[in-house]
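A.B. asks: One structure is given below, represented as structure tokens, and several questions about it will come after.
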Amino acid sequence: MIAKAEAKYIRISPTKVRQVIDLIRYKDAKAAQGILTNLNKRPKEPLIKILNSAVANAKVKGFTLDQLYVSKAVCDPGPTWKRFKAAAFGRASPILRRTSHIRIELDLKGE
């Protein structure tokens with residue numbers, strides 16, 4: 001692991017984020033940025049920020065974008081916001097608003 005970046009409490013369901021993460025895992029950092037910019041899914045915005053942050057962290061250590069690839073990309077569930085919606089006959093039906101913890105790690109291509 002050369003560099004990593006993490007974002008917590010992102011207000012998107014982890015299952016939706018994992019669909020997008022599977023597209024960029026084990027890809028070159030430059031290719032992953034291209035995939036995310038041309039994608040039409042909601043999780044792309046926080047993932048672009050996290051990937052750019054990891055690349056910036058690697059540049060501080062002296063590595064270039066061409067040397068890096070996404071070695072690990074993980075989305076874990078965060079806390080769930082529990083809300084209730086009015087239902088028929090005076091009942092309440094639950095609404096679960098899920099959050100995500102996303103972590104991206106970069107490594108050198110040669111390793």
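Any read-out appearing in this document is the output of simple, stated calculations on the displayed coordinates, not a laboratory observation. Note that this is a predicted model, so its numbers are computed, not measured. Backbone-built Cβ (ideal geometry, glycine too); neighbour counts: all protein chains shown.
A.B. asks: Kindly express, to the nearest 10 degrees and within the range 0 to 90, the angle between helix 14-24's C-alpha long axis and the longest C-alpha principal axis of the chain.
C.D. replies: 20
A.B. asks: Within the P(r) computed for the range 3-108, what percentage of the Cα pairs occupies the region above 19 Å? Working shown, then result.
C.D. replies: Numbers: 2603 of 5565 pairs.
Every Cα pair in the range 3-108 considered, those over 19 Å come to 47 percent.
A.B. asks: Could you work out how far apart the two model spin labels at ALA86 and ARG25 are, taking each label as a point 7 Å from the Cα in the direction of the beta carbon, and quote it in nm?
C.D. replies: Simple spin-label model gives 4.4 nm for this pair.
A.B. asks: Could you pull out the chymotrypsin sites (Phe, Trp or Tyr not before Pro) across the range 1-87 that fall in loop regions by DSSP (anything but H, G, I, E, B) with no more than 15 other Cβ atoms inside 10 Å?
C.D. replies: Values: sites: TYR9, TYR26, PHE63, TYR69, TRP81, PHE84; in loops: TYR26, PHE63.
Within the range 1-87, the qualifying chymotrypsin sites (Phe, Trp or Tyr not before Pro) (loop, at most 15 other Cβ atoms within 10 Å) are TYR26.
A.B. asks: To the nearest 0.05, how large is the calculated FRET efficiency for THR37 and LEU96 if R₀ is 25 Å and r is the Cβ-Cβ distance?
C.D. replies: On the way: r = 31 Å, r/R0 = 1.23.
Efficiency at R0 = 25 Å is approximately 0.20.
A.B. asks: How many nm is it between the label spots at GLU6 and LYS109, if each spot is 7 Å from the Cα in line with the beta carbon?
C.D. replies: Calculated label separation equals 2.9 nm.
A.B. asks: Determine the gain in length on full extension of the stretch THR64-LYS49; use 0.36 nm per residue of separation and subtract their C-alpha separation, reporting nm with one decimal. Please list the in-between numbers first.
C.D. replies: On the way: separation 15, 0.36 × 15 = 5.40 nm, distance 1.76 nm.
Gain on stretching THR64 to LYS49: 3.6 nm.
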